[in-house]
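Comments concern the structure below.
Readers should treat all values here as calculations from the given coordinates under stated rules, not as data from a laboratory. In this text the structure is predicted, and so the values were computed from the model without any measurement. Heads up, the Cβs are rebuilt from the backbone with ideal geometry, glycines too, and the neighbour counts pull from every protein chain shown.
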Amino acid sequence: MDNLATDRSNFTGSLEYDVRLARHHRAKIRTVVLYHAAVTQAPDELDIGTAQYRVENVFLSDQNGDAALDEVTRHVQSDKWRPEDRLRLALAVNMDLRNHEQAFERILALVPKVPDEVERDLVVAALLTCQYGR
């Protein structure tokens, strides 16, 4: 199966899911797709004639992982942990980094410092779910 067929299949599945969500909640649906560091481009539209389906693509390789880790470090050190720091910490390994190994060591050092046990567990779960080997 070529990439176009695979992309179309992925879009079709997402479209069907979004239609079910829209019907159930009677609301507009916004789909954001996160791509790990190895993906630098992907289609954002499927045109099936009578309907067009659009998603918003977020390429983590375009995000500054070092800055994300710096921000999490500041929050941990100043006891100002925020729920959004959970994803920053988990997704940083999939962002643009000066040194992937050093960043991973920083992440491993930060996890035990997360101030709440539930948050720590969520960070570890997100890390395991979002990890992409380079």
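Among the trypsin sites (Lys or Arg not before Pro) found in the stretch 1-110, those both in a DSSP coil and sparsely packed, with 11 or fewer other Cβ atoms within 10 Å of their Cβ, are Arg26, Lys28, Arg30, Lys80, Arg98. Expressed to the nearest 5 percent, the antiparallel share of DSSP beta bridges inside the chain is 40 percent. What relative contact order, as a whole-number percentage, does the chain give when Cα pairs under 8 Å and 6 or more residues apart are counted? The value is 21 percent. Modelled label positions at Ile29 and Ala126, each set 7 Å beyond Cα in the direction of Cβ, lie 2.4 nm from each other.
Measuring how big the stretch 75-134 is from its alpha-carbon positions, Rg and Dmax come out at 11.0, 32 Å. Entry for the chain at q = 0.13 Å⁻¹: log10 I(q)/I(0) = -0.68, Debye formula applied to identical alpha-carbon scatterers, no solvent contribution.
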